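A quick write-up on the structure given underneath.
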Amino acid sequence: MKENTKVSVLYVDDEVNNLESFKANFRRSYEIFTAESADLAKEILKNNKIDIIISDQRMPGTTGVEFFESIIEEYPDPIRMLLTGYADIVAVIDAINKGKIYHYTTKPFNADELKITIDKAFEIYSLRLENKELLKTLSEVNKQLEFMIRQKLIS
C-alpha cells in the first residue's frame, strides 16, 4: 500500500444513524463510503476502488448476503464483511457459502475490535492482490521461457 493512500471501506446499511456512526468512528483511519441500499452501493463500486465492503444483513429489498452474491463476479477482490444485529445461523452459513465473506460481526459493533478486523482484512486483501500480480508475472516469464526453448529446438 502506498504511504499516503487510505484503505477504502464501503459500508452499506439502510439505517442512516448507523452510517453516520460508522463514518464518525472510522473517517480518520480509512476512506469511508456509505450507501443506504445495495443499489447505491453498486453505484459506488462502479465509480471507486473499494478495498473492504461491510454490509448490514437485514435491509429492505435485499439482504447483505444477496448483495454480496450479486457483486462477486464483477467485484471479486474486495474483502466482504457482514454486520448484523440478529444472531441468525442461516445468515451466517449463507454469508460464508454464498457471499464469500471474510468476517461476520454483530451490532452494535465495538469500534476497536472492528478496526482490528478491518486492518486484518486489508492485509489479506493486499496479499491476494500481490499473489495475483506474482502469478501474472510468473505466467509471462513461463511463456518467454517456452518461446526460448522452442527457438533453441528449431535451430
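None of the figures in this text is laboratory data; all of them are computed from the coordinates on show. What you are looking at is a predicted structure, and each value in this text was computed from that prediction instead of being measured. Neighbour counts run over all protein chains shown; Cβ positions are idealised from the backbone, glycine included.
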Any chance you could give the angle, 0 to 90 degrees and rounded to 10, that helix 16-26 forms with the longest Cα principal axis of the chain? 60 degrees
How big is the antiparallel share of DSSP beta bridges in the chain, given as a percent to the nearest 5? 10 percent
Mind ranking 125-135, 142-152, 75-85 by how tightly packed they are, going by the mean number of other C-beta atoms within 10 angstrom, highest first? 75-85, 125-135, 142-152
Using only Cα atoms, tell me the angle between helix 111-154 and the longest principal axis of the chain; keep it within 0 to 90° and round to the nearest 10. 20 degrees
Any chance you could run the full-extension gain for ILE149 through ASN48? It's 0.36 nm times the residue separation minus the Cα-Cα distance, nm to one decimal. 32.0 nm
Name the shape class, rounded, prolate or oblate, that the alpha-carbon gyration tensor gives for region 17-75, where a ≥ b ≥ c are the square roots of its eigenvalues, rounded holds for a/c under 1.5, and otherwise prolate holds if a/b is larger than b/c and oblate otherwise. oblate
With a Förster radius of 22 Å, plug the Cβ-Cβ distance of GLU20 and ASN110 into 1/(1 + (r/R0)^6) and report the FRET value to the nearest 0.05. 0.80
Please sort 34-47, 55-68 by packing, taking for each peptide the average over its residues of neighbouring beta carbons within 10 angstrom, highest first. 55-68, 34-47
